[in-house]
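*Asks:* I have a structure here, written as structure tokens, and I will follow up with some questions on it.
The values are calculated or read from the model by the stated rules, or taken from the named source; none is laboratory data. No experiment lies behind these values; they were computed from the predicted model shown. Note that we place each Cβ from the backbone using ideal geometry, even for glycine, and neighbour counts take in every protein chain shown. The accessibility values were calculated without ligands, DNA or RNA, using every heavy atom of the protein model including side chains. Shrake-Rupley method; radii C 1.70, N 1.55, O 1.52, S 1.80 Å.
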Amino acid sequence: MSRLATPDRTAPGVRLLVVEDEPKVAGALREGLEGEGYTVVVESSGEGAFFRLATEHDRFDAILLDLTLPGRDGLEVLAELRRQGIGTPVVVLTARDTLDDRVIGLDAGADDYLIKPFAFAELLARLRAVGRRGRAVDADRVSLDTLSLDRATREVTRAGQPIELTAKEFDLLHYLARHIRQVVSRDTLAREVWRETARSTTLDNVIDVHISRLRRKIDLGHPVALIQTVRGVGFVLRGDAG
Ligand code: CA
């Protein structure tokens, strides 16, 4: 009986961003992880990591983040990512073996942490765990600025206040949230949210009405408008003016 080839490496194709300023440690991580089949990109500063993630976070399945970095430290990078609604799983690497740092790391939105020095096998185990968890979390819970939504319960809150949405409004918001910071066209919304293959003026109007209702419910009275129109292109959910 023929069998599909089974890769002997544990993580073929999984893309990791390693943020580590010590060349020796970064080199060892790259070598070890590539040996396991991970695709590894290394950034050696918080600033570098931040800018790469601001534009390319979709390219990474997980991030290994050293906390003590020159310039912006790891916690700052992490907090900023989470503030922008980027939910890529993060494993914090820290030499500072104190309870405070662990609490801070997890509060800031880390998925797990490892105290240096750590066993490589332990790192692999943590990466597999956050990989499994990360996919589930990404699918079910999204948060941006003070907005959060939970697909499982269909609950939406802004600044802690529950918001009542119709089923279609929720589906629309959830679609925008799953494609956070990406401009989504009316064509795409017609296909993906309304399940209509042909676009029409009537449907465009329906979409626009839903967008303006969502705006009223989500953004009205809040300092940051999350649902933004990109003229001539579509809509985007993001937490800043850019
Ligand atoms: Ca360091």
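*Asks:* Can you tell me which residue within the range 24-56, out of those that are in a helix (DSSP H, G or I), hydrophobic (A, V, I, L, M, F, W, C) and within 14 Å of the ligand (Cβ to nearest atom), is nearest to residue 85 (Cα to Cα)?
*Replies:* This residue is 49.
*Asks:* Can you go through 185, 212 and tell me which one is surrounded by fewer than 19 Cβ atoms within 10 Å (Cβ to Cβ) and farther than 26 Å from residue 56 by Cα?
*Replies:* Every option except 212 fails the conditions.
*Asks:* Among residues belonging to the range 52-84 that are small (Gly, Ala, Ser) and buried (at least 20 other Cβ atoms within 10 Å of the Cβ), point out the one that is modelled with the highest pLDDT. It would help to see each step written out before you state the result.
*Replies:* Going through the range 52-84, the residues small (Gly, Ala, Ser) turn out to be 54, 62, 71, 74, 79.
Next, only the ones that are buried (at least 20 other Cβ atoms within 10 Å of the Cβ) stay: 62, 74.
Values: 62: 91, 74: 87.
Across the range 52-84, the extreme among qualifying residues is 62.
*Asks:* Something else about it: For the range 2-23, how many residues meet the condition of being within 16 Å of the ligand (Cβ to nearest atom), more than 20 Å from residue 78 (Cα to Cα) and at pLDDT below 95?
*Replies:* Result for the range 2-23: 0.
*Asks:* Still on this structure, please answer the following. If I ask for residues that are touching a residue at least 40 places away in the same chain (Cβ under 8 Å) and of a type in the set (Val, Ile, Thr), which ones from the range 197-225 would you list?
*Replies:* 218, 224
*Asks:* With the structure loaded, tell me whether residue 153 is outside any strand (DSSP E or B) and under 24 Å from the mean Cα position of the chain (by Cα) or whether it fails that test. Show your work before the answer.
*Replies:* On the way: outside any strand (DSSP E or B): yes; under 24 Å from the mean Cα position of the chain (by Cα): yes.
It is true that residue 153 is outside any strand (DSSP E or B) and under 24 Å from the mean Cα position of the chain (by Cα).
*Asks:* Kindly provide the set of residues from the range 57-77 that are within 11 Å of the chain's Cα centre (by Cα) and either in a helix (DSSP H, G or I) or farther than 17 Å from residue 131 by Cβ (or both), ordered by number.
*Replies:* Across the range 57-77, the qualifying residues are 57, 58, 59.
*Asks:* How many residues are of a type outside the set (D, E, K, R) and farther than 17 Å from residue 116 by Cβ if we restrict to the range 24-45?
*Replies:* Of the residues in the range 24-45, 7 are of a type outside the set (D, E, K, R) and farther than 17 Å from residue 116 by Cβ.
*Asks:* Also, I was wondering about something else. Please verify whether residue 171 is open to solvent by 40 Å² or more (accessible area, probe 1.4 Å), in a helix (DSSP H, G or I), at negative phi and at pLDDT below 90, treating the condition exactly as stated.
*Replies:* Values: open to solvent by 40 Å² or more (accessible area, probe 1.4 Å): yes; in a helix (DSSP H, G or I): yes; at negative phi: yes; at pLDDT below 90: no.
No; evaluated as a whole, the condition is false for this residue.
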